[in-house]
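Take a look at the structure set out below.
The values are calculated or read from the model by the stated rules, or taken from the named source; none is laboratory data. Computed from a prediction, not measured in an experiment: that's the story for all the values here. Quick reminder, even Gly has a Cβ in these numbers, built from the backbone with ideal geometry, and neighbours come from all protein chains shown.
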Amino acid sequence: MNTKTTIILTALAALLPLTASAVDIPQHFSQEAKARLADSIRLAPTEHQLNIVYFHGNDVEPAKDYERRLSELFVYLQQFYAKEMSRNGFGPRSFGMSMLPNGNVDIITIQGSLPHKEYPYSGGHGKVQREVAAYFAAHPEKRRSHHTLILMPTWHDAEYSDANPGGVPFYGVGQTCYALDYADFDLRHLGQDTPQGHLLTKWFGGMAHELGHGLNLPHNNGTAQEMKELGTPLMGAGNYTFGMKPTYLTKATCRILDRSETFAPVGDNTAFYASNSPVTVENPQLKMKDGALVLRFRANGNFKHVNAYIQDAPFAVNQDYEKVAFTDVKRKNGECLLRIPLDAIAALDGAKELRGEKAQKGVGGIDLVFVQLDGTRYTCRVTFNWADITAKGTPFLEVKSFKGC
Ligand code: ZN
């Protein structure tokens, strides 16, 4: 094919609608998986890929048929992220994966140096991490980004089994996250009202959510109106609904993914997470006006997106699932303005108090998260007593800035 023909075909391909016929599903995938993937959309190719590792102890084997099962699950999950990115206006983009010629996902299988019981949920991460790092040091071409998902097969003992998987690490640690594998971890059970169906939502939804953390995402909830329409955000309690009930990604989530390394389109040569120039917030002011909280501030520094998350105290990790995400910060010459209607945050205790539905006074906080072009995030958190919010202004208890989100 000559260059001219290639250019014409490429241009034609760009005009094609994003339909199922545009995507080939591997022949060896199960019938159920083929049906689930029938409405697949064609994805934008990525510059970097998620590292997917299957790690097991030296006395156990990977769970049966793991390459096909996990490939089907990952392709489905990649589609979920892409469809949500597309719905939020970012195009058919998802985390990139390295694929094998047969259509399976290129899973890096590593046998650990120790028996499986040496890599437990509590404290196993360090040992696994060291062996995975040693593997990447010996095979640098296999490390395709900063982001790594590590799957481990369930233990089989008095407590754990394929019917009650566990024993292994299952959490996120920075840009590494863990999930587990078991015999029925299979797309054919998705959405089924059966024990295997419910188990799949728990562990597949869990993997989808943990992967989100590994791709830089904090917890968040949607506004009251959005949740009524779209269901539960994956980075809220969506790990319990994924596959069973409507589950979605908020626009705030998609903005972070827009500058997450494995979502970068081919040709985007950004050195991800390399910068060290914080965004600072000056002179924040919070007032009540026309049934809404109005936050004004000045932001200094470079950033592509700014998200705001509002919540009740405490602010500790895993006590922040209910924080409501907003993206409509108006910006002009560094001056920023955000309006948070009380209706949108109706589920927060503070909002109930402001609406006169609840007497108890409490502490609230707003996190302003700045997303830079290289994916680095900086947060400025302001905290206040809900009871102190007035039309004239609000005294802050604390204004705190930190790297990350
Ligand atoms: Zn979480």
Condition broken by I256, with the remaining ones in (1) in contact with a helix residue (DSSP H, G or I) (Cβ under 8 Å, 6 or more places away or on another chain); (2) within 15 Å of the ligand (Cβ to nearest atom); (3) modelled with pLDDT of 95 or more satisfied: (1)
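Are any residues in the stretch 373-405 outside any strand (DSSP E or B) and of a type in the set (V, I, T), and if so, which ones? Outline the logic, then answer.
Of the stretch 373-405, the ones outside any strand (DSSP E or B) are 373-376, 386-397, 404-405.
The answer is T376, I389, T390, T394.
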Restricting the stretch 313-343 to residues that are in a strand (DSSP E or B) and not charged (D, E, K, R), the one farthest from the ligand (Cβ to nearest atom) turns out to be L337
Please name all residue pairs, on different chains or six or more residues apart, with Cβ atoms under 7 Å, provided the first residue is in the stretch 54-69 and is among the charged types (D, E, K, R) and the second residue is assigned to a helix (DSSP H, G or I). D59/H116
If the Cβ limit is 8 Å and pairs must be 6+ apart or interchain, which residue in the stretch 306-324 that is at pLDDT 90 or above pairs with which residue that is part of a loop (DSSP other than H, G, I, E, B) and of a type in the set (G, A, S)? D312/G362; A313/G362; Y321/G236; Y321/A237; E322/G236; E322/A347; V324/G222; V324/A347
Selection over the stretch 106-131 where residues are within 23 Å of the chain's Cα centre (by Cα) and within 19 Å of L70 (Cα to Cα) yields a count of 3
Could you list, in sequence order, all residues of the stretch 139-185 that are modelled with pLDDT of 95 or more, of a type in the set (A, V, I, L, M, F, W, C) and within 18 Å of E261 (Cα to Cα)? L149, I150, C177
If only one of F315, F326, F384 is surrounded by 15 or more Cβ atoms within 10 Å (Cβ to Cβ) and under 19 Å from D258 (Cα atoms), which one is it? F326
Any idea which of S145, S161, S86, S98 is farther than 30 Å from T376 by Cβ, more than 16 Å from the ligand (Cβ to nearest atom) and hydroxyl-bearing (S, T, Y)? S161
Can you run down the residue pairs with Cβ atoms below 8 Å, 6 or more apart or on separate chains, where the first is in the stretch 205-234 and away from the ligand (no atom under 16 Å from the Cβ) and the partner is assigned to a loop (DSSP other than H, G, I, E, B) and not aliphatic (A, V, I, L, M)? E226/T250; L230/G222; L230/P246; G231/T241; G231/K245; G231/P246
Can you find even one residue in the stretch 293-309 that is surrounded by 14 or more Cβ atoms within 10 Å (Cβ to Cβ), out of contact with any Ser or Thr (no Cβ under 8 Å at 6 or more places or on another chain), under 23 Å from Y240 (Cβ atoms) and not basic (K, R)? yes
Just the residues that are closer than 15 Å to D258 by Cβ, among the charged types (D, E, K, R) and not in a helix (DSSP H, G or I), please, taken from the stretch 60-103. R93
